[in-house]
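Take a look at the structure below.
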Amino acid sequence: MNDAPTNDDPILRIEALSKDFGPVRAVDAVSLDIRRNEFFALLGPSGCGKSTLLRMLAGFEMPSGGRILLEGEDISGLKPERRPVNLMFQSYALFPHMSVLRNIAYGLEMERLPRAEIRARVDEIMAVTDLTGFADRKPEQLSGGQKQRVALARALVKRPKVLLLDEPLGALDKKLRERMQLELKRLQHDVGITFIVVTHDQEEALVMADRMAILRDGKLLQCGSPETVYENPTDRFVANFIGVMNFIEGRIGGDGHFSAKSVRLPVPHLAAGPTALAIRPEDVGIEHGGDAGIPGRITDIAYNGLDRVLHVAIDASATPIQVRVPARVEAGHAIGEPIRIAIAPDRCKFFPA
Amino acid sequence: MSFQATRPNLLAAPAVAWLLAFMVAPCLLILGYAFFERGTWGGVVYTFTLENFERVFDPLYARIFVNSARIAATVTLLAILVAYPAAYAISRAPRSRQPILLFFAVLPFWSNYLIRTYAWIVLLNREGLINNVLRWGGYEGEPLSMLYSEGAVIIGLVYNYLPFVILAIYSSLSRLDMSLVEASRDLGAGPIRTFLRVTLPLTLPGVAAGGVFVFVLSIGNFVTPALLGGGRFQMIGNLVYDQFLTANDWPFGAALGMILIAIMIALLTLQARATNRASGTVREAER
Amino acid sequence: MMGFTRQNAGGRATLIVVFGFLYLPIVVLVGLSFNEAGLPTVWSGFSTKWYGALLGNSDILGAAWNTLVVAVFATVIATVLGTLLAIGIETRRRASTGLEALVFAPMVIPDIVLAVALLSFFSRLDVTLGLHTIVLSHVIFDLAFVCSIVRARLKHFDYSIVEASRDLGASPWTTFWRVTFPVLMPAIVAGALLAFTLSIDEFIIAFFTAGAGRSSITLPMQIYSMIRFGITPEINALATIVMSVSAAALLLSQWLNKDQLR
């Protein structure tokens, strides 16, 4: 029984999936495995093809090429109503003429379940999503956060094999969004359903996802856990898109060193040629005293409470280098002040230009 | 987003077929008739001729054309002059009240045209309300004969089409960004100059839409001249009516009808161009 | 018209004058219909006798019946065709100028031209004129108005609810009846009511496409011939009834349309 599904088998396998709109290739040969019970994020800037990919999974767009396998079965050709997959719409798409209860029961009525079972499952999901007492409200009488929960309940009550969420928190204000990120993750854990979330907000993806895929211009750039993607971006775009990254344009010479004006670092194993050095603000240090490090001048100081970001102009970079330092340790800096910064070679990433 | 009905063209097909069969085909038919001769006993003889169009320049008919155009222009101008202040007042009323005011301004427009015209016969005739009021007020002379005159026709037409012009101008005004008006005042223009330099130019598309509509419907009107102008008063609409129902000269009537359609298309095209240009300026300004 | 601020006194005065102009003739007409004497010369007391006189007039009752038949048939056909047309136009991927013009034309074409065109058309095809030809003709402008009202609703329509319904397991057919249609319903009914009043009130096209004889005379045709004959108190009463029916239908239509926009 070698081919019996185990927990390590992907629940959803996307094989070389493509979508063309006329001459435009919106999704370009994307292959992904989504594991059972995982919280997966599709991340990318607007127009990267993430929504089209999600709509192909839901069945609203037919792929131009490739396959979608759900538990090993090809569902690429199935109509939306035949797929054991549900979508939570970005606009929530609540039926305006139905009460909260009718909205949530709708999908179960389509399955022609007995009335009592529908009632029981609706009550259960309303309790889970904290909607008890709202059954008779119309969508127009709900707040943004409540609508979001109704949309979620309506999709979850069907017990889909995979729940697709299109920018689920996009319409909420910042405070509520931060709370709902954790809420959503808790809920996913409780119901034990695989979630695929589309978002353009990298912070949201980092907080919520078990694994994430970064798309750009229809292509998959990198897929991995938030930590892997943050610490080891394999692509310059990813490095820039996730978190904050400083770039210094220079070249690697035959001597095994990266150099750009006053910046010079040993990089023994890399090929020579024009290269960009990338380093996160928290990996840049400040040299106190002496003439070690790279000379620069503070152009801006941003105080965030916990830490302080110094913007330091150096000769090797057109844009100032951001240096993140603990606020209480590095107090007393002033704009215009000369400063020396240190770049640790082992924290650097290098991308051939 | 890409919501697709199963087949949009299939859904539109029955209505489109209906319009093609019962509007476009009949209009093409009389377009054809306009180029044929009339038979001795009425009917149409299929011999090509341009005579029907030449007859329009016959002084007898040319006078009716000029009269109709003059009356339609007067009606249009008066309707705009009355409708603009009314639409402006509605647009400045409290927001919650605007839909109700607008609804009651437009309500008469949807009620029976004949009855609205007839109401003016009641008001204007020699034994009518206005003469009675004058008599109670001490007026001793002959009752005024206001009915069956050009003035009565003009009043009737303005009355009937005013609601539509109010609606058209209001819809332009309600879309006007009030911060533009405030900006103009802030930059030192008084209320009158602000109106002339900002409000009016930006609401001209609504004025044009209302104006074209009134002009087209007035010049081709048949009921109002027949009822308020009396038998002696003719406009193009009455001429068309006569050719089909009394003179039995269908080709000439068809030619007159085509001229009305041509006027309508020309004015609508001009109006569409003007509106496009106006909205183009706005886009330019927003950049 | 309460609630104006003092700066708006001018606006208020304007509205009083304009609304006076719009409603005075109607008010006079309605008032006279209840005047015992029936004429504007003297007010001889309140009476409903002119309404009673209408009920005894078989010509008017026959015309009213014909009008109702025409309006009901034209409204039903136009509502179905106009609604489908509206959905068809709004869901096209690309706008079509030709289609727009075709749908706009019935609302602006001078009715006398359409009337003579239809008369020519029906007589060329040797179609016997009657109530059925009036219905065929009225559907033209009725469907254009239904279409424009339903389209206005579709512009605010959130199409993702249609997708949501499919996603939750409903077929296109179920989705139409359980989601799309109920949401569009107020606009469709509002359009139907408007079409109904337009048909009830339409005179010129009916006049040209009714054919000869009393059997297909509609109420507006009856009113026209009465007006040509002279002012009579019965017309005032009849006019009051006709206007009340239109106003009621329009109020209802407006109320439905407002409700759905909330």
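The values are calculated or read from the model by the stated rules, or taken from the named source; none is laboratory data. The structure displayed is predicted, hence computed values, not measured ones. Backbone-built Cβ (ideal geometry, glycine too); neighbour counts: all protein chains shown.
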- Query: Which condition does B:Glu140 not pass, out of (1) away from chain C (no Cβ under 11 Å); (2) under 30 Å from C:Ser225 (Cβ atoms), if it passes all the others?
  - Reply: (2)
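Residues are listed down the side, and each one gets a yes or a no for (1) at pLDDT below 90; (2) touching a helix residue (DSSP H, G or I) at 6+ places or on another chain (Cβ under 8 Å); (3) within 30 Å of A:Glu204 (Cβ to Cβ):
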{"site": "A:His269", "(1), (2), (3)": "yes, no, no"}
{"site": "A:Ile279", "(1), (2), (3)": "no, yes, yes"}
{"site": "A:Asp300", "(1), (2), (3)": "no, no, yes"}
{"site": "A:Val309", "(1), (2), (3)": "no, yes, yes"}
{"site": "A:Glu337", "(1), (2), (3)": "no, no, no"}
- Note on the structure: Across region A:270-321, the tally of residues that are without any contact (Cβ under 8 Å) to a residue 12 or more places away in the chain and closer than 16 Å to A:Ala344 by Cα stands at 1
- Yes or no: C:Gly211 in contact (Cβ under 8 Å) with a residue 12 or more places away in the chain, more than 9 Å from every other protein chain (Cβ to nearest Cβ) and touching a Cys at 6+ places or on another chain (Cβ under 8 Å)? no
- Determine whether C:Leu194 is assigned to a helix (DSSP H, G or I), more than 14 Å from chain A (Cβ to nearest Cβ) and more than 27 Å from C:Val116 (Cα to Cα). no
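Residues are listed down the side, and each one gets a yes or a no for (1) of a type in the set (D, E, K, R); (2) free of Cβ contacts under 8 Å to residues at least 12 places away in the same chain; (3) touching a Cys at 6+ places or on another chain (Cβ under 8 Å):
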{"residue": "B:Tyr88", "(1), (2), (3)": "no, no, no"}
{"residue": "B:Pro94", "(1), (2), (3)": "no, yes, no"}
{"residue": "B:Gln98", "(1), (2), (3)": "no, no, no"}
{"residue": "B:Arg116", "(1), (2), (3)": "yes, no, no"}
{"residue": "B:Val122", "(1), (2), (3)": "no, yes, no"}
{"residue": "B:Ile130", "(1), (2), (3)": "no, no, no"}
{"residue": "B:Gly138", "(1), (2), (3)": "no, yes, no"}
- Item | Tabulated pairs, region C:11-40, first within 7 Å of chain B (Cβ to nearest Cβ), second surrounded by fewer than 19 Cβ atoms within 10 Å (Cβ to Cβ) and among the polar types (S, T, N, Q), C-beta under 6 angstrom, 6+ apart or interchain | C:Pro40/B:Asn132
- Query: What are the residues in region A:84-138 that are polar (S, T, N, Q) and outside any helix (DSSP H, G or I), if any?
  - Reply: A:Asn86, A:Gln90, A:Ser91, A:Ser99, A:Thr129, A:Thr132
- Note on the structure: For region A:327-350, the count of residues that are surrounded by 11 or more Cβ atoms within 10 Å (Cβ to Cβ) and over 28 Å from A:Thr234 (Cα atoms) equals 7
- Out of B:Gly230, B:Gly190, sole residue that is closer than 23 Å to B:Tyr61 by Cβ, of a type outside the set (D, E, K, R) and surrounded by fewer than 23 Cβ atoms within 10 Å (Cβ to Cβ): B:Gly230
- Item | region B:91-122, residues that are within 7 Å of chain C (Cβ to nearest Cβ) and more than 25 Å from C:Ser244 (Cβ to Cβ) | B:Arg92, B:Ala93, B:Pro94
- Query: Inside region B:30-89, can you point out the residues that are more than 13 Å from chain C (Cβ to nearest Cβ) and of a type in the set (Gly, Ala, Ser)?
  - Reply: B:Gly39, B:Ala62, B:Ala69, B:Ala73
- Test C:Ile77 against the stated conditions and say whether it is under 17 Å from the mean Cα position of the chain (by Cα), over 30 Å from B:Phe36 (Cβ atoms), surrounded by fewer than 22 Cβ atoms within 10 Å (Cβ to Cβ) and of a type outside the set (Ser, Thr, Tyr). yes
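Could you check how many residues of region C:81-98 are farther than 19 Å from C:Ala195 by Cα and either facing chain B (nearest Cβ under 7 Å) or crowded, with 18+ Cβ neighbours inside 10 Å (or both)?
Restricting attention to region C:81-98, the residues satisfying the condition of being farther than 19 Å from C:Ala195 by Cα are C:88-98.
So of that shortlist, the ones also either facing chain B (nearest Cβ under 7 Å) or crowded, with 18+ Cβ neighbours inside 10 Å (or both) come out as C:88-92.
Matching residues across region C:81-98 total 5.
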- Task: Search region C:218-244 for residues being over 18 Å from the mean Cα position of the chain (by Cα) and β-branched (Val, Ile, Thr), and hand back the single one that is farthest from C:Ala117 (Cα to Cα).
- Result: C:Thr232
- Any residue in region C:195-207 that is buried (at least 21 other Cβ atoms within 10 Å of the Cβ), closer than 22 Å to C:Phe122 by Cα and over 16 Å from the mean Cα position of the chain (by Cα)? yes
- Report, by residue number, each residue of region B:224-266 that is more than 21 Å from B:Leu28 (Cβ to Cβ), among the hydrophobic types (A, V, I, L, M, F, W, C) and within 11 Å of another protein chain (Cβ to nearest Cβ). B:Ala226, B:Leu227, B:Leu228, B:Met235, B:Leu239, B:Leu245
- Find all pairs meeting these conditions: Cβ atoms under 9 angstrom apart; at least six residues apart or on different chains; first residue within region C:65-76 and β-branched (Val, Ile, Thr); second residue surrounded by fewer than 16 Cβ atoms within 10 Å (Cβ to Cβ) and outside any helix (DSSP H, G or I). none
- If only one of A:Asp201, A:Asp210 is of a type in the set (D, E, K, R), touching an Asp or Glu at 6+ places or on another chain (Cβ under 6 Å) and within 29 Å of A:Asn232 (Cβ to Cβ), which one is it? A:Asp210
- Message: Given the criteria buried (at least 20 other Cβ atoms within 10 Å of the Cβ) and at the interface with another protein chain (Cβ under 9 Å from one of its Cβ atoms), does C:Ser171 qualify?
- Response: no
- Item | Residues located in region C:174-183, provided they are more than 7 Å from every other protein chain (Cβ to nearest Cβ) and either touching a residue at least 24 places away in the same chain (Cβ under 8 Å) or closer than 17 Å to C:Glu90 by Cα (or both) | C:Phe176, C:Thr180, C:Phe181
- Item | Single match in C:Pro186, C:Pro182 (criterion: out of contact with any Cys (no Cβ under 8 Å at 6 or more places or on another chain), closer than 30 Å to A:Leu57 by Cβ and surrounded by fewer than 22 Cβ atoms within 10 Å (Cβ to Cβ)) | C:Pro182
- Considering only region C:99-125, how many residues are free of Cβ contacts under 8 Å to residues at least 60 places away in the same chain, within 22 Å of the chain's Cα centre (by Cα) and more than 8 Å from chain B (Cβ to nearest Cβ)? 4
- Task: Give the residue, chosen from B:Val153, B:Val165, B:Val212, B:Val207, that is away from chain C (no Cβ under 13 Å), assigned to a helix (DSSP H, G or I) and closer than 22 Å to B:Arg277 by Cα.
- Result: B:Val207
